[in-house]
1. Taking the chain as a Gaussian network, Cα atoms linked when under 10 Å apart, which of Y43, Y15, Y29 shows the biggest mean-square fluctuation?
2. At most 11 other Cβ atoms within 10 Å plus a DSSP loop assignment makes a site exposed; report the longest stretch of the chain without any exposed GluC sites (Glu not before Pro).
3. With a cap of 14 neighbouring Cβ atoms within 10 Å, and only residues DSSP puts in a loop, list the trypsin sites (Lys or Arg not before Pro) found in the range 5-55.
4. Per DSSP helix of 4 or more residues, -39500 (n - 2.57); summed, then divided by the residues of the chain. What does that give at 222 nm, rounded to the nearest 500?
5. With the full set of protein chains in place, find how many percent of the accessible area of the chain is carbon and sulfur; take the probe as 1.4 Å.
6. Taking only protein heavy atoms and a 1.4 Å probe, what accessible area per residue, in Å², does the chain have with all protein chains in place?
Amino acid sequence: MCEKKKSIFDDLPMYLKVGQVANILGVSYTRVYALLHEGSIPYTNLGSMRVQKYDLKKWLEEHCEYGVVL
């Protein structure tokens, strides 16, 4: 029987705060805000900028190679 491999995203809330995104990416808040403002990572404004975890997962798949953000 196949078992689904657990992802780090499984336990995260649907919408991530900028600080959470910064921790996941290993970058500063300033860098995350820059990525959001340039449109690289899509976000939703729910009173503050929030990133859907599935959008961040997709962005990581497109911008990472061997665990390093390109």
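The values are calculated or read from the model by the stated rules, or taken from the named source; none is laboratory data. Please read these numbers as outputs of a predicted model, since none were measured by experiment. Reconstructed Cβ throughout: ideal geometry from the backbone, glycine too, with neighbour counts over all protein chains shown. Ligands, DNA and RNA are excluded from the accessible area calculation, which covers all protein heavy atoms including side chains. Shrake-Rupley method; radii C 1.70, N 1.55, O 1.52, S 1.80 Å.
1. Between Y43, Y15, Y29, it is Y29 that shows the largest mean-square fluctuation.
2. 4-37
3. Taking the range 5-55 and a limit of 14 other Cβ atoms within 10 Å, the loop trypsin sites (Lys or Arg not before Pro) found are K5, K6.
4. Calculated mean residue ellipticity at 222 nm is -11500 deg cm²/dmol.
5. Solvent-exposed carbon and sulfur of the chain make up 52 percent of the total.
6. Result: 74 Å² of accessible area for each residue.
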